[in-house]
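Written out below as structure tokens is the structure these notes cover.
The values are calculated or read from the model by the stated rules, or taken from the named source; none is laboratory data. Computed from a prediction, not measured in an experiment: that's the story for all the values here. All Cβ positions, even for glycine, are placed from backbone atoms using ideal geometry, and neighbour counts span all protein chains on display. Note: areas computed on protein heavy atoms with side chains; ligands, DNA, RNA excluded. Shrake-Rupley method; radii C 1.70, N 1.55, O 1.52, S 1.80 Å.
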Amino acid sequence: MQPFTLNYARPAVQLDVTTPYAYDSGLQLNVLPDGRIAATDHATLKALGTTTSTAGSKTHFDD
């Protein structure tokens, strides 16, 4: 017998999104291609709303 919820469950959608920043393990911050800290770039924050990375906690906006 199949559980009821499996009738409605869907796999997570994989989005083809590229972020304009990368995690720098030395600084432990997200940085833009030109080396600036992503959390200080107003255009990036306005477009994305956050600069959280998978390397840090999802609750901190300066990771």
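Here are the numbers:
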{"item": "Nitroxide proxy distance, nm - points 7 Å out along Cα→Cβ at GLN14 and THR40", "result": "3.6 nm"}
{"item": "For region 4-49: accessible area per residue (Å², 1.4 Å)", "result": "86 Å²"}
